[in-house]
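To keep things clear, I will list the structure first and then write my remarks on it.
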Amino acid sequence: MKKFLFIFLINYSFLFPVDEKVREYWKKTMEYGVSGQRTGVIKSIEENKSQEDYYLIEKALVSDINPDVRGYAAYSLINLKIAKPDVWINALQNEKDTEVLRKIAYGISELKISNAGPVLYNQLTNRIENQKETLLVATIIRAIGEIGYKPSSQYLANILSNITYPNEIRSAAAIAIGSFNDEANIPLLQQILENPGEAKEVRMYAAYGIGRTGSQKAFDILSPYIENEKEDLNIRLWSISGLSFVKGEKSIQKLIDFSKVDNVRIRLEAIKSLGKYEKNDRIIEILKYKADFDPEFAVKKEAKKALQNMGIDLDKEKSTQDKKQEQTATSTTSSTNTTQKIPEKTTSTNKNQSK
């Protein structure tokens, strides 16, 4: 009963504005409550989509005294898609906790806050040599790539070329320079990919980076790696993923071909990549087939997800088709019954006439 009441109250709050007393409680709790209570308020504001109170979450990100609360606020703002540059940049500039800073960098990456480029770059150059902050540095580099801060391109290329840096950092640099959509970065990425003595982790992300450039050259570079069954599987998978950024019929056909192979992971990655394209009749057709008939549940699920991202609800379509078939069947049955009754009347009439 308590569980039912809790669910009802949450759903009720979605339908009606939040009571002013509740909002006042949230405000006071964010000011005077303990960390667990403050985190609870952030969660409630997010669940209730109470836009008037989003400022409390923004304030918590920038100035709450507890790093756990600040981190929770960062993820909440990501979920709510609140991308106010001044809030995120302020948090980025003033945050001291490494883990919270990583969440902030991730948020900037997810929300594509392009204004944060110079501040991210400054954070990167200040922290690159700190071996205790490898994950943070890698996240910052990925964020720089996602927001497309191109002034950092040469610096990131130098990081990628320097084998003294951890693989996590070099891998992030490979993805980032690929994200700048600049063919000038392909030779370095290709050099990394083709070097068998290079770490596999860095090679696979170099393959992905080549694809991220969006250049047609990427197709010719990546295709042989995808087709080579003796190549490391992860390099093949990331090459397929990279191919999703290379538009054109050749890329689509190659992905369709690999959606039919026996290797489940290859097939699954090909379906994921096809799902990143814009609506296309050929792609929709094969995704529908895979969603219905692929022997692997994971592939079926991914195909359905890809269709949903294109605005196609396969279950809804089937339901609509079933209803139409039922209506047609009912109509046909009704018509058949009517047709069967007509001869009886005609026969009766004929008998009367003969009399």
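Looking at the structure I just gave you, is ILE177 over 26 Å from LEU77 (Cβ atoms), buried (at least 23 other Cβ atoms within 10 Å of the Cβ) and out of contact with any Lys or Arg (no Cβ under 7 Å at 6 or more places or on another chain)? When the stated conditions are applied, ILE177 passes them.
The condition of being of a type in the set (Phe, Trp, Tyr) and either in contact with a Phe, Trp or Tyr (Cβ under 7 Å, 6 or more places away or on another chain) or closer than 24 Å to ALA138 by Cα (or both) does not hold for PHE258.
Filtering segment 63-72 to residues that are crowded, with 18+ Cβ neighbours inside 10 Å and either in a helix (DSSP H, G or I) or touching an Asp or Glu at 6+ places or on another chain (Cβ under 9 Å) (or both) leaves VAL69, ARG70, GLY71, TYR72. Contact map, segment 195-208: residues that are of a type in the set (Val, Ile, Thr) paired with residues that are surrounded by 15 or more Cβ atoms within 10 Å (Cβ to Cβ), Cβ distance under 7 Å, separation 6+ or inter-chain. Pairs shown: VAL202/ASN167; VAL202/ARG170; VAL202/SER171; VAL202/ALA174; VAL202/ILE192. Screening VAL246 on (1) more than 24 Å from ALA291 (Cβ to Cβ); (2) assigned to a helix (DSSP H, G or I); (3) among the hydrophobic types (A, V, I, L, M, F, W, C) shows it passes everything except condition (2). Among the residues of segment 252-277, just one is free of Cβ contacts under 8 Å to residues at least 24 places away in the same chain and under 22 Å from the mean Cα position of the chain (by Cα), namely LEU255.
Per-residue answers, yes or no, for (1) surrounded by 22 or more Cβ atoms within 10 Å (Cβ to Cβ); (2) charged (D, E, K, R):
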{"residue": "SER215", "(1), (2)": "no, no"}
{"residue": "VAL264", "(1), (2)": "no, no"}
{"residue": "GLU269", "(1), (2)": "yes, yes"}
{"residue": "ARG282", "(1), (2)": "no, yes"}
{"residue": "PHE293", "(1), (2)": "no, no"}
{"residue": "GLN308", "(1), (2)": "no, no"}
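Considering ILE235, ILE186, ILE192, the condition of being surrounded by 14 or more Cβ atoms within 10 Å (Cβ to Cβ), under 23 Å from VAL264 (Cα atoms) and aliphatic (A, V, I, L, M) is satisfied by ILE235 alone. Taken over segment 271-280, the criterion of being crowded, with 19+ Cβ neighbours inside 10 Å and charged (D, E, K, R) is satisfied by LYS272 alone.
Under the condition of being closer than 21 Å to ARG203 by Cβ and free of Cβ contacts under 8 Å to residues at least 24 places away in the same chain, the residues counted in segment 130-164 number 5.
Coordinate-derived values only; no laboratory data. Note that the structure is predicted; figures quoted are calculated from it, not measured. Here Cβ is always computed from backbone atoms with ideal geometry, including for glycine, and neighbour counts include all displayed protein chains.
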